[in-house]
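Written out below as structure tokens is the structure these notes cover.
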Amino acid sequence: MKKSNITGWKDVLSFTLIQTLKSKAYIISLMFLVIMSLVSMPIIASITSGGKKGSDGPSPVNTVYVNNQTSLPDMDFSELLADDNMKHIVFEPLKEDYDTVTDRIEKDEQESVLFTLSEREDMFSLDFVKASEGPVKDGSLEALGAAVAAQFETFRINTLGITEEQTAILSAEIKTVVTMADIDGGTIIKKDTSITDSEYWVIYGILFAIFMVNMMASSQIATSIVVEKSTRVVEYLLTSVRPLALMIGKIIAMLTAVLIQMLSIVVALFVSNKVSALLSNNGSESILSTYLPNDLFQNLNIVNILLCFIVVILGMIFFGTLAGMAGATVSKIEEMNEGMTIFSLVNVGGMYIGLAAANILMATGENAFVTFSLIFPLSSPFLLPGAILVGKASIPITLGSIALLLVFNFFLSRFVAKVYETLILHNGSTIKLKTLFKISKDAQKQRRNEVKYEK
């Protein structure tokens with residue numbers, strides 16, 4: 001019985017995957033990435049909360065020297081003192097020289113601050129001076145400044161004699177709506193299909209993560225093939241498996257190894273996020289809950305997750321096959337950059353198409369280019385998963401994109417099947433794209449001749 005072109009791919013898959021997972025380089029890189037992910041959220045929480053440190057609880061400020069340089073009367077701080085965290089603060093008008101008070105605050109009265117209220121060019125300025133070192137931190141001063149600013153706004157309005165009703169009218173939101181009409185005067189309703197800044201950054205983050213996974217997996221696939229060619233190990237492997245089975249096994253094995261790394265990082269990030277929430281003051285807020293809107297992933301369900309997974313896997317298989325073929329055109333490690341040029345251009349090109357579509361989505365909304373980018377097999381693996389999660393990819397577009405990826409993978413596998421046997425045994429200069437098509441045609445002619453001969 002004639003041996004199939006892919007017979008033995010499972011053996012290649014298991015052998016390559018086991019050897020990869022056992023390698024020191026893989027284990028060390030995985031441990032490094034997981035450790036960095038675990039400590040990332042607490043570090044970010046510590047950095048972002050550094051400016052807020054000291055803002056909770058009673059204010060460390062005991063005395064505020066008020067330097068009023070405006071035409072307004074002395075400010076009333078009675079409402080401010082109603083706050084439990086600030087009721088102990090004493091507000092005193094500045095009666096001494098400015099420099100004398102600031103020197104005393106720096107050296108002896110580090111629990112005191114100097115508050116200067118000035119008026120210039122139709123604007124008021126509220127400035128605070130504290131000791132460079134001492135119990136009064138930036139967060140505490142920011143909290144005090146925000147409370148004083150709010151109290152000053154109320155005080156200024158009351159001083160001018162403006163009522164609450166007049167204040168509400170002055171602060172009322174003004175909306176401008178522009179409508180379009182048809183020839184008969186009917187209103188043309190144009191739906192806003194643009195995305196928010198948060199949705200854009202979600203799409204960008206997913207796009208960049210998929211791009212990095214593609215590059216990592218593809219470079220490992222190509223490197224593995226080149227190393228086996230240069231060490232002539234591939235010649236021994238070909239005695240038991242066909243070239244196409246060798247490539248398929250290696251591609252799936254390396255993609256699986258990279259996916260294990262990525263999933264480990266995602267799990268570590270969620271654990272880190274939970275730890276950062278437990279370490280926070282209120283024990284509930286986390287980095288993700290702070291910076292991501294609550295309704296951002298309202299489209300997150302089993303169906304959408306499955307569709308995203310299918311798109312990502314099909315895209316990785318497509319780019320992994322390209323990388324495997326690119327690696328087979330090279331005979332030496334030193335020639336890797338030259339052999340991977342076309343692959344890198346295709347990968348980066350697809351990523352930039354997706355990025356351009358994401359920017360258009362944020363600026364103007366859906367249009368023909370965005371739809372093309374969601375369906376085009378080179379850009380859809382990068383753009384479509386994020387678009388699905390933020391609700392900007394319909395089911396027909398998603399299914400159409402998956403269908404096109406399947407078609408592209410089918411024709412690419414047929415093309416690779418024709419040329420890979422020649423490539424994997426090639427030793428010499430890097431094979432160019434034009435030569436690949438020539439090899440494909442020759443292989444097709446040879447197969448036809450074999451069929452005629454068998455008949």
5 angstrom amide H check on GLY365, placed H, neighbours 5+ away: ILE195
Gained length - GLN166 relative to ALA150, 0.36 nm times residue gap less alpha-carbon distance: 4.0 nm
Simple spin-label estimate for SER240 and SER14 in nanometres, 7 Å along Cα-Cβ: 1.1
Reduced Cα scattering model of the stretch 115-168, Debye log10 I(q)/I(0), q = 0.26, 0.28 Å⁻¹: -1.07, -1.14
R0 of 35 Å, Cβ-Cβ distance THR256-THR371: FRET efficiency to nearest 0.05: 0.60
Spin-label pair SER198/LEU126, simplified geometry with 7 Å Cα→Cβ offset, distance in nm: 2.8
Cα-based convex hull volume of the stretch 310-368 per residue, rounded to whole Å³: 96
Rounded to whole Hz, the Karplus (6.51, -1.76, 1.60) HN-Hα couplings of the stretch 350-365, x for glycine and proline: x, 5, 5, 4, x, 5, 4, 5, 5, 5, 5, 4, 6, 7, 10, x
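I'd like to compare 248-260, 332-344: which one has the highest average count of other Cβ atoms within 10 Å, and what's the full order after that?
Working: 248-260: 22.3, 332-344: 15.9.
Peptide ranking by packing, descending: 248-260, 332-344.
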Potential lengthening between ALA82 and THR364 on full extension [0.36 nm per residue; Cα-Cα distance subtracted]: 96.7 nm
The stretch 126-166 residues near the modelled THR102 label - backbone nitrogen below 14 Å, point 7 Å along Cα→Cβ: 127-132
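Throughout, read-outs are computed from the coordinates displayed, never taken from laboratory work. This one's a predicted model, so the numbers in the text were calculated from it and none came from an experiment. Using ideal geometry, Cβ is built from the backbone for each residue, glycine included, and neighbour counts are taken over all protein chains shown.
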